[in-house]
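Following: one structure in structure tokens, then a few remarks.
The values are calculated or read from the model by the stated rules, or taken from the named source; none is laboratory data. A quick note: this is a predicted structure, and the numbers were derived from the prediction, not measured. Don't worry about glycine lacking a Cβ; one is built from the backbone with ideal geometry, like all the others, and counts go over all protein chains shown.
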Amino acid sequence: MNPVALITGGSRGIGRGIALELAKIGYDLVINYASNEAAAQETAQQCLKSAGTPVWVEIFPADISKTADRANLVDFCRKRFGQLDLLVNNAGVAPNVRADILEASEESFDRLININVKGPYFLTQLVAKWMIEQRAGKIVTISSVSAYTASTNRGDYCIAKAALSMITPLYAARLAEYGIRVYEIRPGIIETDMTAVVKSKYDKLIGEGLTPIRRWGTPADVAKAVTAIAQDLLPFSTGEVINVDGGFHIRTL
């Protein structure tokens, strides 16, 4: 039987890239999406085409900020596959409006905390209990360099990503005794539809040396880090942060 992965926010962007790479290494997949069913179906079809061996790919709608939706998502995985080997907490949103922190709204703050923090925190709780039953599993959370980089026109996003980063050490410490390992992957500037609105800005900054590796990252770059974990290539690591950012995190003089 193939190993099974659940990817939240798997219909496009980084989530789609992760799904494609996991299909290539023989994972059965549950691709979660919030509303764009057509994009999720497209991801599923691409996964089936890219898989080197036969795999099953299911799509399932759920708003991970909602308690009932999280429960339904995990219940679907359990009933459909009977096991879960890898959870990828990828779903997340950016602010609808980039607003200066002196003007930003509570509504936007609440939205980002609910989806980007509360959702993965409590989804991980549900999955962790299942993985404890199995005495096996891996959990990966996709965060962002915004966890430690101040952007004053999207403070709610930065705060949400900083909070999201704490999920990994918390669950890594709690679950190690059960053989469950937990990781954070911290992407930098990745070329997706979410970053398309700032493409010209970052083209210029990258060209000027913002990142030592002078190119945009791709969803496949992030996905390759996930597949390394999925293939058990980091067996003596847990609670680890893996930077996929072109070296942005390096401080130089």
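Of the numbered conditions (1) over 15 Å from GLY17 (Cα atoms); (2) of a type in the set (A, V, I, L, M, F, W, C); (3) surrounded by 13 or more Cβ atoms within 10 Å (Cβ to Cβ), ALA228 fails exactly one; give the number of that condition.
Looking at each condition in turn, ALA228 falls short on (1).
Identify, from the list GLU106, GLU191, GLU177, the residue that is within 20 Å of the chain's Cα centre (by Cα) and either of a type in the set (Asp, Glu) or under 22 Å from ILE7 (Cβ atoms) (or both).
When all the criteria are applied, what remains is GLU191.
Among the listed residues GLY15, GLY10, identify the single one that is touching a residue at least 40 places away in the same chain (Cβ under 8 Å) and part of a helix (DSSP H, G or I).
GLY15
When region 152-168 is examined, which residues are found to be out of contact with any strand residue (DSSP E or B) (no Cβ under 8 Å at 6 or more places or on another chain) and touching a residue at least 24 places away in the same chain (Cβ under 8 Å)? Give the derivation first.
First, pick out the residues of region 152-168 that are out of contact with any strand residue (DSSP E or B) (no Cβ under 8 Å at 6 or more places or on another chain): 152-163, 166.
Those that are out of contact with any strand residue (DSSP E or B) (no Cβ under 8 Å at 6 or more places or on another chain) and touching a residue at least 24 places away in the same chain (Cβ under 8 Å): THR152, ASN153, ARG154, GLY155, ASP156, TYR157, ILE159, ALA160, LYS161, ALA163.
How about region 178-216: which of its residues are surrounded by 15 or more Cβ atoms within 10 Å (Cβ to Cβ), at pLDDT below 95 and of a type outside the set (Val, Ile, Thr)?
Hits for region 178-216 are GLU191, TYR202, LEU210, TRP216.
For region 33-74, which residues satisfy the criterion of being in a loop (DSSP other than H, G, I, E, B) and touching a Leu at 6+ places or on another chain (Cβ under 8 Å)? Lay out the reasoning, then the answer.
Going residue by residue through region 33-74, those that are in a loop (DSSP other than H, G, I, E, B) are 34-36, 51-56, 62-66.
Within region 33-74, VAL55, TRP56, ALA62, ILE64 qualify.
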